[in-house]
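Notes to accompany the following structure.
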Amino acid sequence: MVIVRLNREKCLRCGFCTSICVRVFELDNEEESAQITSPFRTEEKFIGEIPENINCVKVAERKCPVNAIKTVDEKESNSGKLT
Ligand code: SF4
């Protein structure tokens, strides 16, 4: 499992992550930012738990123009590296 965190303060709402990884990211009309889609979000809509075989999340992390997406393998997050 991969933990993904989306920083809505940084997000430009450009829609790039939603176009390359539509299963995981969608635009939030109320928050003016992207958010995690409901199947994968936690109780927080900007934090998701993603199966490792959904590789587009890592692509979105690399391609986001403002580095608003951060992913961490669940093992690392358990050791406190997700900030
Ligand atoms: S690619 Fe980055 S800036 Fe663009 S909508 Fe997604 S999170 Fe926001």
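Since every read-out is calculated from the coordinates, none of them should be taken as a lab result. These figures come from a predicted structure and were not determined experimentally. Here Cβ is always computed from backbone atoms with ideal geometry, including for glycine, and neighbour counts include all displayed protein chains.
Structure summary
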| quantity | calculated |
| --- | --- |
| Additional length obtainable on full extension of the chain from Met1 to Asn29, 0.36 nm per residue less Cα span | 7.3 nm |
| For the chain, Cys with no neighbouring Cys Cβ under 4.7 Å | Cys11, Cys14, Cys17, Cys64 |
| Hz values of 3J(HN,Hα) by residue in the stretch 19-26 - Karplus curve (6.51, -1.76, 1.60), Gly and Pro given as x | 6, 9, 8, 5, 5, 10, 10, 8 |
| Residue exposure sequence - Lys58, Lys10 - by fewest surrounding Cβ within 10 Å | Lys10, Lys58 |
| Karplus-derived 3J(HN,Hα), 6.51/-1.76/1.60, for each residue of the stretch 29-35, Hz, glycine and proline x | 5, 7, 8, 6, 7, 7, 8 |
| The stretch 60-71 - phi-based ³J(HN,Hα) in whole Hz, Karplus 6.51/-1.76/1.60, Gly and Pro as x | 4, 4, 5, 8, 4, x, 10, 6, 7, 10, 10, 10 |
| Within-13-Å neighbourhood charge of Arg13 [Cβ basis; K, R +1; D, E -1] | -4 |
| Gain on full stretching of the segment that runs from Phe16 to Thr42 - 0.36 nm per residue minus C-alpha separation | 7.2 nm |
| Chain lengthening between Glu49 and Lys70 when straightened (0.36 nm per residue, less Cα-Cα) | 6.4 nm |
